[in-house]
Amino acid sequence: MQQHVVNTTLNYYLSPAQGGTTIYQPGAVSDKRRPHDVQKVHVTDIRGREDEFKLDKQGFQIIQLATSVQDVEKDADWKGEYFEDIMEQVKKITGASRAKSVSHMARRKDFNQVMAAEKDMDDNQAVTAPTYNRAVHVDQSYDHARNILSAQFPDEAEKIAQKRWALVNVWRPLVNTVTRDNLALCDARSVDDSELVPLKGDIPQPGKSSRPNGWNWTSKSKSIELWAVNANAEAHRWYYCSKLTPQEGILFKQFDSKRTGVAKRTPHTAFVCDEDEGPTRQSVEARMLLVWDNQTND
């Protein structure tokens, strides 16, 4: 089967010596204004050979999603049937014993429109709406993954840490088939831990900062740490799945405690290319913590 490949540029980490930064403000205008190391890359379409890509191998896989919840707006929607539907399906796919919702976000606004609306705003102001993240990243570092475990299971974290546990995302289109601003994912095997760079940020505290609808902060710590990624054009292998429908989703790895034999984290980013067309991409993502009671970290 002939592979379909698109050419694009991706925004990698830019060191402070070159004008970059090691800190950021989650949900603030400055987050989308950070300078990047812009690199030309090829992104390969996996449509038609989705079965070749697995969560524990490359770090992501395409899944079919069955839920009667077509849209997700209010907190009650997230915490009700939608998350229950998604978690049950993810447990079946992964073999995990337990799943617990961690955070969620809906992205409905065009990136360029959001940037235009915020062009005269101060860096530390809250963004006007969530939109696509066009910087290569992993949602949290290994250290912050452990903070999330402690926050989600305060009475059981130490016990769970002796078992295999993981943080995963389910990314799903809303309303329309995705024909623009696709999600690119990097084969976890092609990225070395030495290429991951921690970015630290302060989490907005209740009553002290405003954030737009769609943000859901669940960690009890006052700071967050994610991974940015250094460019490595010769090694990194990038993929996407064209024309994803609302009945499909991408399940991808954010952290896995298992020490060997599985993908541990998946760098990802939204990207633009010459083939983009159609309406604004709308998507929802649900992050959950999985526990395998019958597996160890070895």
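Bridge orientation summary for the chain: considering DSSP beta bridges with both residues in this region, about 90 percent are antiparallel.
Under the convention that each Lys and Arg Cβ holds +1 and each Asp and Glu Cβ holds -1, the size of the dipole of the chain around its Cα centre is about 420 debye. Of HIS137, VAL41, ALA116, whose Cα points farthest to the positive end of the dipole of region 4-296 (charges on the beta-carbon: +1 Lys, Arg; -1 Asp, Glu; origin at the Cα centre)? Towards the positive end, the residue furthest out is HIS137. Scalar couplings 3J(HN,Hα) for region 116-129, obtained by applying the Karplus form with A = 6.51, B = -1.76, C = 1.60 to θ = phi - 60°, are 5, 5, 9, 4, 9, 8, 6, 4, 8, 6, 5, 4, 6, 6 Hz; x denotes Gly and Pro.
Using C-alpha pairs below 8 Å separated by at least 6 residues, the relative contact order for the chain is 34 percent. If you take every residue apart from GLN18 with its C-beta less than 14 Å away from the C-beta of GLN18, what net charge results, scoring Lys and Arg +1 and Asp and Glu -1? Taking every other residue near GLN18 into account, the sum is 0.
Taking all Cα pairs closer than 8 Å and separated by 6 or more residues, the relative contact order of region 20-143 comes to 30 percent.
Here the simple spin-label model places points 7 Å from the Cα toward Cβ, and for ASN124 and ASP293 these points are separated by 4.8 nm.
In terms of packing, defined here as the mean over residues of other Cβ atoms within 10 angstrom, the peptides 127-133, 164-170 line up highest first as 164-170, 127-133. Over all pairs of different C-alpha atoms, the chain has a mean inverse distance whose reciprocal, the Kirkwood radius, equals 19.6 Å.
Approximating the spin labels as points 7 Å out from Cα along Cα→Cβ, the GLU277-to-HIS4 distance works out to 1.1 nm. Within a straight-line Cα-Cα reach of under 20 Å, LYS32 can be paired with the following aspartates and glutamates, leaving aside sequence neighbours fewer than 8 residues apart in one chain: ASP110, GLU118, ASP120, ASP122, ASP123, ASP139, ASP181, ASP202, GLU225, GLU285.
Coordinate-derived values only; no laboratory data. Just so we're clear, the structure is a prediction, and the values are computed from it rather than from any experiment. Heads up, the Cβs are rebuilt from the backbone with ideal geometry, glycines too, and the neighbour counts pull from every protein chain shown.
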